[in-house]
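Each value in this text was obtained by applying a stated rule to the coordinates, not by laboratory testing. Predicted, not measured: the structure shown is a model, and the values here were computed from it. Please note: Cβ atoms are built from the backbone with ideal geometry, for glycine as well, and neighbour counts cover all protein chains shown.
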Amino acid sequence: MTGLAPALRNLAVTATALVAVAAAPAPAHAKPEPKAPDEFVALRDVDPTIIQEMRYFTPHNFVGEPIDGYKKPMCILTEPAAKALHKAQRTLLRKGYSLKVYDCYRPQRAVDQFVRWAEDLGDVRMKAEFYPHVDKSRLFEDGYIAAKSGHSRGSTLDLTVVKLPALPTRPYIPGEALKPCFGPQAERFPDNSVDMGTGFDCFDTLSHTDDPRITGKQRANRDLLRGALTKVGFANLPEEWWHFTYKPELFPDTYFDFPVTRRSLGGK
């Protein structure tokens, strides 16, 4: 029996080890990212001539850091919105201008980050440029930040007009001195767009499309952008000269959260 005991002990150890392996939790797998419906396209596939300067992929925005969900600096839109934008671009090109988009489809996770940022009243690192005259505690009440955005439905975008030939826009350097977004064009952060009276995402009443203080060339430039887009089916948000929504929306009640990347479009 002396030779049998060690063998039995080894068998018991082996059996215990097998049970432990079987009982161990399965390795965690990353949850697959949601995909865009087939009705979404990359704007560059519809019109490669439209300039893209996707601000939320960069730290040059009112938060001061790249925004959740923007994995690539690309514009994604519903196909009807992208095709309508192509029509507007053709009209502007004949006049010596080009459209430039700052933001298009926006994942819900990005909106959630905006909300978290707005609730953190101590984070005012970008105040001097984007909201010099607005107390951060009023961003929700004044309508600058909300828990839902039309951008997440895929037919809304932010854009401007650039005079051709387009000059390059220098990159933003985190930590550089900030200039108020409503100052004279020569004193604002340099942008290759025409003078719209304020910079993009300027939290100020001067950004209202028809603010009476906007006159002369600035008024003409806003009217040029709005005129080109309304003719092809876009509606402007009166509080933001840069904000337009294509009507009718394909997804008027759905807020998507797929990331901004080519992979979200499947085989497209």
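Here are some notes:
- Under Karplus coefficients 6.51, -1.76 and 1.60, residue-wise ³J(HN,Hα) of region 104-116 in Hz, glycine/proline x: 10, 4, 10, x, 4, 5, 5, 4, 4, 5, 4, 5, 4
- Shape metrics for region 77-129, restricted to C-alpha atoms - Rg then Dmax, Å: 17.0, 48
- Each residue of region 206-220 was assigned a 3J(HN,Hα) from its phi angle through the Karplus curve 6.51 cos²θ - 1.76 cosθ + 1.60 (θ = phi - 60°); the sequence is 5, 7, 4, 3, 10, 4, x, 6, 8, 9, x, 5, 4, 5, 4 Hz, with glycine and proline shown as x.
- Footprinting exposure proxy for ILE67, ILE51 (fewest neighbouring C-beta atoms within 10 Å first): ILE51, ILE67
- Ordering HIS208, HIS60 by the number of other Cβ atoms within 10 Å of each residue's own Cβ, fewest first, gives HIS208, HIS60.
- Across the alpha-carbon atoms of region 40-91, the computed radius of gyration and Dmax are 12.4, 35 angstrom.
- Sequence of GLU65, GLU141, GLU119 once ranked by neighbouring C-beta atoms within 10 Å, starting from the fewest: GLU141, GLU119, GLU65
- Among the listed pairs LYS100/LYS247; LYS71/LYS231; LYS83/LYS136; LYS87/LYS163; LYS136/LYS163, those beyond 29 Å (Cα-Cα): LYS71/LYS231; LYS83/LYS136; LYS136/LYS163
- log10 of Debye I(q)/I(0), alpha-carbon scatterers only, for region 65-153 at 0.22 Å⁻¹: -1.10
- Helix-derived mean residue ellipticity, 222 nm - over the chain, DSSP H n ≥ 4, -39500 (n - 2.57), to 500: -8000 deg cm²/dmol
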